[in-house]
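Comments concern the structure below.
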Ligand SMILES: Cc1ncc(C[n+]2csc(CCOP(=O)(O)OP(=O)(O)O)c2C)c(N)n1
Ligand code: SF4
Ligand code: SF4
């Protein structure tokens, strides 16, 4: 079997814009799921609302495309009703951190056994580019015409603090590392959170002088700061540029988890 | 194995041209019947996967296939197998 067997090929090509990074994250997730050797009948993909949340519609297994922000609430229900099922959640930054923020912290706290892949495109893509809690400071969006003035929500750090068992962040450019991180997340009992920074050339890039897809990829590549390097810089007292985000593994631990089959 | 771009899926984003270590994918210059400029392949037989996938029995490199957001890149079996003379410059 290969990752290809998990796609609903009759539904491809998908509706994502040219150069949208969401497709890459689906590739990486299915590659990791395939490497786990899971059965299609025991795997469920769950999502909320948004461009990113359309992903389960292109996958052959059973799936739930739920209401905005409530993917984790539905996922918790599915897992507790039948702990033998493998749960993978696709979500966006707006879906997870804005309207679904409370479900997120409590799913981390309860440490429900599931893997959450958040495609963070730093904007509300589907509704045309409103600012999200993850829009970088100074970035333009339809709701921040003079530049975003609020600080960014660091979702990976939030998941660590709230109690998730495994947390990692990569970008759509780091496909190999991202696939490995997702697979580690799938293997870890308890709540695994993988944040994937992705490009949205349509709603984000177009307004922020990153119109070309290659510009957005270069942005992700140059703004990613390796965890090891960040730690070294902190030790040496070097200032960390505020516009950069750390990539790598944030935590791996074994707090008591909910919904792990006995 | 032969490297192919599925013209019915490719949306012409050119991300593949940024990642291939051999720079096999080059920006295309011709609209296809779907109105997409699909990248052109520069001597695809140089691809590690085309040459060695059969020998190793698994996918090697494959970074273009992983990063292509539209699942448009794949390798096809060539039958009968045609050996290529490959020149690799470093
Ligand atoms: C209850 C509710 N409020 C608002 C909306 C409108 N809405 C649809 S998608 C979306 C934003 C999604 O953003 P994100 O989760 O970042 O996903 P993206 O499209 O960027 O991948 C919003 C606000 C909705 N569908 N339902
Ligand atoms: S609007 Fe952005 S996130 Fe949505 S499909 Fe287009 S590029 Fe992707
Ligand atoms: S990455 Fe895929 S969709 Fe984009 S140009 Fe290359 S083959 Fe086409």
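Quick notes
- Evaluated at q = 0.08, 0.14 Å⁻¹, a Debye calculation over the C-alpha positions of the protein assembly as shown (equal weights, vacuum) places log10 I(q)/I(0) at -0.39, -1.17.
- Tensor-based shape of the stretch A:53-164 (alpha-carbon gyration tensor, a/c under 1.5 rounded, otherwise prolate or oblate): oblate
- Chain A: relative contact order in percent, alpha carbon pairs under 8 Å with at least 6 residues between: 19 percent
- Each residue in B:22, A:204 was given a count of other beta-carbon atoms within 10 angstrom of its own, and listing them fewest first yields B:22, A:204.
- Fewest-first sequence of A:216, B:66, B:18 by Cβ atoms within 10 Å of each Cβ: B:18, B:66, A:216
- Cα convex hull volume per residue for the stretch B:2-76 (Å³): 80 Å³
- Candidates B:32, B:49, B:14: whichever shows maximal mean-square fluctuation once chain B is modelled as a Gaussian network with Cα springs under 10 Å: B:32
- Taken over the C-alpha atoms, the stretch A:20-223 has Rg and Dmax values of 15.9, 50 angstrom.
- For residues of B:10-17, the mean tally of beta carbons on other chains within 10 Å: 6
- If both residues of a DSSP beta bridge must be in the stretch A:104-257, then about 25% of such bridges are antiparallel.
- GNM result for chain A, Cα springs below 10 Å: residue of A:138, A:185, A:101 fluctuating most strongly: A:138
- Gaussian network model of chain A, springs between alpha carbon atoms under 10 Å - residue of A:235, A:243, A:150 with greatest fluctuation: A:235
- For peptide A:218-228, the mean count of partner chain Cβ atoms within 10 Å of a residue's Cβ comes to 0.
- DSSP finds beta bridges in the protein assembly as shown, and of those with both partners inside it, around 30 percent are antiparallel.
- Helix A:175-187 vs. chain A, principal-axis angle (Cα, 0 to 90°, nearest 10): 40 degrees
- Dimensionless Rg ratio for the stretch A:216-262, taking C-alpha atoms and the 2.2 N^0.38 Å reference: 1.67
- Each of A:65, B:84 was scored by other Cβ atoms within 10 Å of its Cβ. Arranged with the fewest first, they read B:84, A:65.
- Under the criterion of Cα pairs below 8 Å and six or more residues apart, the relative contact order for the stretch A:130-262 equals 26 percent.
- Helix-derived mean residue ellipticity, 222 nm - over the protein assembly as shown, DSSP H n ≥ 4, -39500 (n - 2.57), to 500: -7500 deg cm²/dmol
- As computed over the stretch A:31-95, the Cα convex hull volume per residue (Å³): 79 Å³
Rule-based calculations on the coordinates, nothing more; no lab input. Predicted, not measured: the structure shown is a model, and the values here were computed from it. FYI the Cβ positions are ideal-geometry reconstructions off the backbone, even for glycines, and counts take in every protein chain you see.
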